[in-house]
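Report on the following structure.
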Amino acid sequence: MKGQYFSFDAIIASVIFVLAIVALLSYWHSVRSFLDYQNDPLSKDAIRVSNLLFTPPTPSATCASMDHLGFAFSYDDRRVNESVVGCAAAQGQSWLRQKLGTAYGTSIKVTNIAEGSIVTIGGDVPLGTMNVVRIRRLATVTNSTGGTYLAAIDLSMYR
């Protein structure tokens, strides 16, 4: 009689052990996937570029003379300058890569949330591109008349 209870306890203990192992392996796989994503050079560069977009362009806001692209008015005023966005939209992919200091293909879309209008910088991501990192940041854009609107800045970087 007592042997039957012992075997039932052993079965329950085995099931609990197997469930604990499965939970541990699942957790390990998710942590490993997250670390692989963080260590990917494309992801690191996308985060760097998304932060760079909220710095002021140097030395000036004209496309012909700027060394690196940034949309902000200054380091103290992080609002996006609409004239710099328009200036950058008229440039090509090679100009964008040079001004952002990246070897990867880059596409930036600035979407006016209220109106839905979109300004694309650097063209669209080519169809069939497998390795793409997308980052969305929200910003306040100031236009030439001094008015402001909320915009979503979508950065896509690809190999």
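The values are calculated or read from the model by the stated rules, or taken from the named source; none is laboratory data. Being a predicted model, the structure only gives us computed values, none of them experimental. Please note: Cβ atoms are built from the backbone with ideal geometry, for glycine as well, and neighbour counts cover all protein chains shown. Surface accessibility is based on the protein's heavy atoms, side chains included, excluding ligands, DNA and RNA. Shrake-Rupley method; radii C 1.70, N 1.55, O 1.52, S 1.80 Å.
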Simple SL model, points at 7 angstrom along Cα→Cβ for N143 and D76; separation in nm is 2.7
Taking I21, I108, I11 and ranking on accessible area (1.4 Å, protein atoms only), highest first, one gets I11, I21, I108
Full extension between F54 and A90 adds, at 0.36 nm per residue less the Cα distance, a length in nm of 11.0 nm
Computed over the chain, protein heavy atoms only, probe 1.4 angstrom, the accessible area per residue in square angstrom equals 62
Per residue convex hull volume, Cα only, region 119-159, in Å³ is 71
So the compactness index of region 42-108, its C-alpha Rg divided by 2.2 N^0.38 Å, takes the value 1.02
Each label sits 7 Å from Cα toward the beta-carbon; between S33 and A13 the label points are separated, in nm, by 3.4
Given all pairs of distinct Cα atoms, region 51-159 yields a Kirkwood Rh in Å of 14.0
Output ordering of 82-94, 127-139, 45-57 (per-residue mean of other Cβ within 10 Å, highest first) is 45-57, 82-94, 127-139
The percentage of the accessible area of the chain (probe 1.4 Å, all protein chains present) made up of carbon and sulfur atoms, to the nearest whole number, is 62
